[in-house]
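Reviewing the structure listed below.
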Amino acid sequence: MSDAFTPQQLYLLLPWDLPIQEQLTEAEKTKLCKALNQLLQALENTSYQQSLDLLDQELATLDMDDIHPVEVPSTKTPLKVWEVEDYDRYFDIVHVQAQAPAICLVRGVLLTYRMFLVLSHQNRDLDSVQVKQQKQGFAGYVYLLARVFHLPLEKA
């Protein structure tokens, strides 16, 4: 992994590089199953610190050595490149190409939930119904990734 990356940056694959059919090795399947199951556990856990510890533990196991930043030459949308770059700078996003795109996607959802967890902990006046709905959205995304990559998840 490049020194230009920081652990808290969100790495996004370019939309046209998203894996539609990914052949995972057994080791990758095991690693991703564990990470997604731990995320589901963190979503259900009522302890802020335990949830944070689960997420940090899984983030540390997801190898991101084979990612490389890429420039967005065009957006393939009505947006101009400078508009995308401005958004990316504001939200600390880096567009990447990855040898293991599935790991990059799972790492992204773990990191995004981690940041949501920290923000919702710091802002306790957030609407609890909306926080619950956001958590349900994260869980839905976990199940979507599991289906796309043919991963068996433990039943909660």
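Brief remarks on what is shown
- Rolling a 1.4 Å probe over the protein chains gives residue 76 an accessible area of about 140 Å².
- Whole-Hz ³J(HN,Hα) from phi, Karplus 6.51 cos²θ - 1.76 cosθ + 1.60, for the range 73-82, glycine and proline x: x, 8, 9, 6, 9, x, 6, 8, 4, 5
- Each Lys or Arg adds one and each Asp or Glu subtracts one; over the other residues with Cβ under 11 Å from the Cβ of residue 42, this totals -2.
- Centre-to-centre separation between the Cα atoms of the range 35-86 and those of the range 92-132: 6 Å.
- Whole-Hz ³J(HN,Hα) from phi, Karplus 6.51 cos²θ - 1.76 cosθ + 1.60, for the range 113-123, glycine and proline x: 5, 4, 5, 4, 4, 4, 5, 5, 6, 6, 10
- For residue 97, distant residues with modelled amide H under 5 Å away: 68, 70
- Viscosity 1.567 mPa s, 4 °C: Kirkwood-radius Stokes-Einstein D of the range 6-79 over Cα pairs, µm²/s: 86
The values are calculated or read from the model by the stated rules, or taken from the named source; none is laboratory data. Since the model is a prediction, treat every value here as computed from it, not as a measurement. A quick note on method: Cβ atoms are made from the backbone with ideal geometry, for glycine too, and the neighbour counts reach across all protein chains shown. These area figures cover heavy atoms from the full protein model, side chains too; ligands, DNA and RNA do not enter into them. Shrake-Rupley method; radii C 1.70, N 1.55, O 1.52, S 1.80 Å.
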